[in-house]
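**Student:** Let me begin by handing over the structure; questions about it come next.
The values are calculated or read from the model by the stated rules, or taken from the named source; none is laboratory data. As the structure is a prediction and not an experimental result, all values here were calculated from the model. Every residue, glycine among them, receives a Cβ derived from its backbone with ideal geometry; neighbour counts consider all protein chains shown. Quick note on the areas: whole protein, heavy atoms, side chains included, nothing else; ligands and nucleic acids left out. Shrake-Rupley method; radii C 1.70, N 1.55, O 1.52, S 1.80 Å.
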Amino acid sequence: MGVSAPGLLNLKCGGAFSQSSGFPGVLFGRTKMPAALRCMRLDEDDISSSPLLTFSSDYLADSIEVREWESGKSLETIAANQGIKIRRRPPTGPPTHAVGPFEFRLENDGNTPRNILEKIIWDKDVEVSQLKERKPLTVIGKALENAPPVRDFIGSLEVSHECTGMPALIAEVKKASPSRGVLREDFNPVEVAIAYEKNGAACLSVLTDEKYFQGSFENLEAIRNSGVKCPLLCKEFIIDAWQIYYARSKGADAILLIAGVLPDLDIKYMIKICRKLGIAALVEVHNEREMDRVLAIDGIKLIGINNRDLETFEVDISNTKKLLNKDRLQIISQKGIIVVGESGLFTPDDISYVQDAGVKAVLVGEALIKLEDPGKGIAKLFGKDISI
Ligand SMILES: O=C(O)c1ccccc1NCC(=O)[C@H](O)[C@H](O)COP(=O)(O)O
C-alpha cells in the first residue's frame, strides 16, 4: 500500500517542492531531506504504476533516521552520527558569488570540498539535479518498460566461484580514474568487455561517471547491446534514487551503493528499489564502522570491501582481511552474503590473499585495463585460466 503521511511531508517541506521535474529538489530549512523521504513524495504524486516503488508507511515510521529528522536533526547530523564524513553538498553554498557585474570567490570550510570523494559527490549532486529536470521519472518509467531484461548478477558470481574454485571476477571497464589518470589511451569499451567475457569474467563493472573516470551511460548501453552476456554493474556515485531507475533503463543489472556516502535510511530505501527492479546492489564499505552498519541492514546480499581509501587514494589489500574477522564472517555466512574484494589486486598472490580472507569475488580494474591485451590479463592475474 502506498504511503499515507501527507502530514509528515508538509512538516518537512513547508510545501516547497520543485514541481517542474516532478521530483522534489529543493533545499529545506535545515538541509535537503533524505532521499528516501524525497522519493516518498515522488511515489505519491507522480508515479502510481509498477515497477516504481511505493512506500509502506510502517517502514518509514520505524526508521530511526525519520524520527531524528522529525525531532529537528539535519541530514548532515544524521549522517555524521553514522560516521559519514562526506557532506552531500557545500553547507554554505558554492564558492562563487556575483555582486552586480562582478563575480568573486570566497573559499572556506563550508564551500570547499575536503577531499576528492566529497568533490565528486558535490559535482554529482549538481549533475543529477540537472539530469532529473531533463528526464523526470515519469519519462524514465516508460524507458524502463523497454529496458533489456535483468540478468542475474549474484547468480553469475556464484556459478563462476563454484565452477573455478576461485573468486569470481567482476572485471572493470574503466578508461581513467582520479588516482591514476588515463589508464588506457586507446579505449574501446565494447572490445574490452568482449575480451573480459571470453576470458572468464563472471560480471562486468562499467564506469558511467564522465568527469572523473571518462565513462558514460553510452558505454553501458553499447556493451549491453553488443551481445555480451555478462551481467553489468553500473559503477556510478549514487546519491539519489532517480539514478537507480536511470541505470536500469540503460541496461544495468546491478548498482553500487557507497556506505561512506549514504546514510542507513538511504541504503535501506535504495535496496528496496533494487529488489523491486530485480537488480543487485553492491554495497561498498571501507572501514569497520561501515562494515558493521551494513551487516546490520536486512536484505543486503553483496558487500564490497574497497581496499582503496576514496578520501586519500591510499590502497592496502590487508584492509579486506582486517574487516573480515571471525565474528563478521559468521554473520556473513549466516546471511548468505557474498563479499567482493575491490581495488589494488594485481597478482595471483593478491587473489589468494583476499580469497583466504573470505571473499568469493573480486573487482579488478587497473591490473587488466592497462595491459595491451586486457582479456589475456585475466589468466595472468589468477595464475590460471578461469573461463568456464
Ligand atoms: O580509482 C580511483 O581513483 C577512485 C577515486 C575515487 C573514487 C573511486 C575510485 N575508484 C573506484 C574503485 O574503487 C575502483 O575503480 C575499483 O575498485 C577497481 O580498482 P583497481 O583494480 O585498483 O583499478
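**Student:** Within the set of pairs 6+ apart or on separate chains, which have a first residue in region 69-80 that is open to solvent by less than 40 Å² (accessible area, probe 1.4 Å), a second that is acidic (D, E), and C-beta atoms under 7 Å apart?
**Tutor:** Final answer for the pair search is I78/E65; I78/E68.
**Student:** Only one of these is more than 30 Å from G377 (Cα to Cα) and among the β-branched types (V, I, T): V192, V173, V126, V182. Name it.
**Tutor:** Testing whether each residue is more than 30 Å from G377 (Cα to Cα) and among the β-branched types (V, I, T) leaves just V126.
**Student:** Hey, another quick one. Of the numbered conditions (1) over 28 Å from S352 (Cβ atoms); (2) away from the ligand (no atom under 16 Å from the Cβ), G165 satisfies every one except a single condition; which is it?
**Tutor:** Among (1) over 28 Å from S352 (Cβ atoms); (2) away from the ligand (no atom under 16 Å from the Cβ), the lone unmet condition for G165 is (1).
**Student:** Return a yes/no flag: does region 364-380 have any residue that is under 19 Å from the mean Cα position of the chain (by Cα) and not charged (D, E, K, R).
**Tutor:** Yes, there is a match, as at least one residue in region 364-380 is under 19 Å from the mean Cα position of the chain (by Cα) and not charged (D, E, K, R).
**Student:** For Q214, which of the numbered conditions (1) without any contact (Cβ under 8 Å) to a residue 40 or more places away in the chain; (2) over 23 Å from A247 (Cα atoms); (3) open to solvent by 60 Å² or more (accessible area, probe 1.4 Å) fails to hold?
**Tutor:** Of (1) without any contact (Cβ under 8 Å) to a residue 40 or more places away in the chain; (2) over 23 Å from A247 (Cα atoms); (3) open to solvent by 60 Å² or more (accessible area, probe 1.4 Å), only one is false for Q214: (2).
**Student:** Could I ask something else about it? Taking region 208-225, which residues are in a helix (DSSP H, G or I) and over 20 Å from the mean Cα position of the chain (by Cα)?
**Tutor:** The one that is in a helix (DSSP H, G or I) and over 20 Å from the mean Cα position of the chain (by Cα): A222.
**Student:** Something else now. For region 337-349, enumerate the residues that are within 12 Å of the ligand (Cβ to nearest atom) and closer than 23 Å to I154 by Cβ.
**Tutor:** Passing the criteria: V340, G341, E342, S343, L345.
**Student:** Has region 325-335 got at least one residue that is touching a helix residue (DSSP H, G or I) at 6+ places or on another chain (Cβ under 7 Å) and over 20 Å from A168 (Cα atoms)?
**Tutor:** So far as region 325-335 goes, yes, one or more of its residues are touching a helix residue (DSSP H, G or I) at 6+ places or on another chain (Cβ under 7 Å) and over 20 Å from A168 (Cα atoms).
**Student:** OK, next. Here is a list of conditions, (1) open to solvent by less than 10 Å² (accessible area, probe 1.4 Å); (2) under 16 Å from the mean Cα position of the chain (by Cα); (3) closer than 22 Å to L232 by Cβ, and V294 meets all of them except one; can you say which number that is?
**Tutor:** Result: V294 fails condition (3) only.
**Student:** Just for region 303-330: of the residues that are β-branched (V, I, T) and within 11 Å of the ligand (Cβ to nearest atom), which one is least open to solvent (accessible area, probe 1.4 Å)?
**Tutor:** That would be I305.
**Student:** Only residues that are part of a helix (DSSP H, G or I) and either within 11 Å of the ligand (Cβ to nearest atom) or of a type outside the set (K, R) (or both): list them for region 183-207, please.
**Tutor:** Result: P189, V190, E191, V192, A193, I194, A195, Y196, E197.
**Student:** When you scan region 226-243, do you find a residue that is outside any loop (DSSP other than H, G, I, E, B), open to solvent by 10 Å² or more (accessible area, probe 1.4 Å) and over 21 Å from T138 (Cα atoms), even just one?
**Tutor:** Yes; the residues of region 226-243 include at least one that is outside any loop (DSSP other than H, G, I, E, B), open to solvent by 10 Å² or more (accessible area, probe 1.4 Å) and over 21 Å from T138 (Cα atoms).
**Student:** Same structure, new question: How many residues does region 148-182 contain that are buried (at least 19 other Cβ atoms within 10 Å of the Cβ) and either part of a loop (DSSP other than H, G, I, E, B) or of a type in the set (V, I, T) (or both)?
**Tutor:** Of the residues in that region, 8 qualify.
**Student:** Restricting the search to region 342-366, which residues are surrounded by fewer than 22 Cβ atoms within 10 Å (Cβ to Cβ) and without any contact (Cβ under 8 Å) to a residue 60 or more places away in the chain?
**Tutor:** Hits for region 342-366 are G344, F346, T347, P348, D349, D350, S352, Y353, D356, A357, G358.
**Student:** Does L277 meet the test of being touching a residue at least 60 places away in the same chain (Cβ under 8 Å), in contact with a Pro (Cβ under 9 Å, 6 or more places away or on another chain) and surrounded by 15 or more Cβ atoms within 10 Å (Cβ to Cβ)?
**Tutor:** Criteria met by L277.
**Student:** Next question, about the same structure. Mind telling me which of the residues L371, L381 ends up being within 14 Å of the ligand (Cβ to nearest atom), open to solvent by 20 Å² or more (accessible area, probe 1.4 Å) and touching a helix residue (DSSP H, G or I) at 6+ places or on another chain (Cβ under 6 Å)?
**Tutor:** L371
**Student:** Out of V294, V283, V362, report the one residue that is under 19 Å from F153 (Cβ atoms), within 12 Å of the ligand (Cβ to nearest atom) and hydrophobic (A, V, I, L, M, F, W, C).
**Tutor:** Result of the check over V294, V283, V362: V362.
**Student:** Moving to a separate point now. What pairs can you find where one residue is in region 177-199 and farther than 22 Å from L117 by Cα and among the β-branched types (V, I, T), the other is assigned to a helix (DSSP H, G or I) and within 11 Å of the ligand (Cβ to nearest atom), and their Cβ atoms are less than 8 Å apart, with a gap of 6+ or different chains?
**Tutor:** From residues that are farther than 22 Å from L117 by Cα and among the β-branched types (V, I, T), the pairs are V192/I369.
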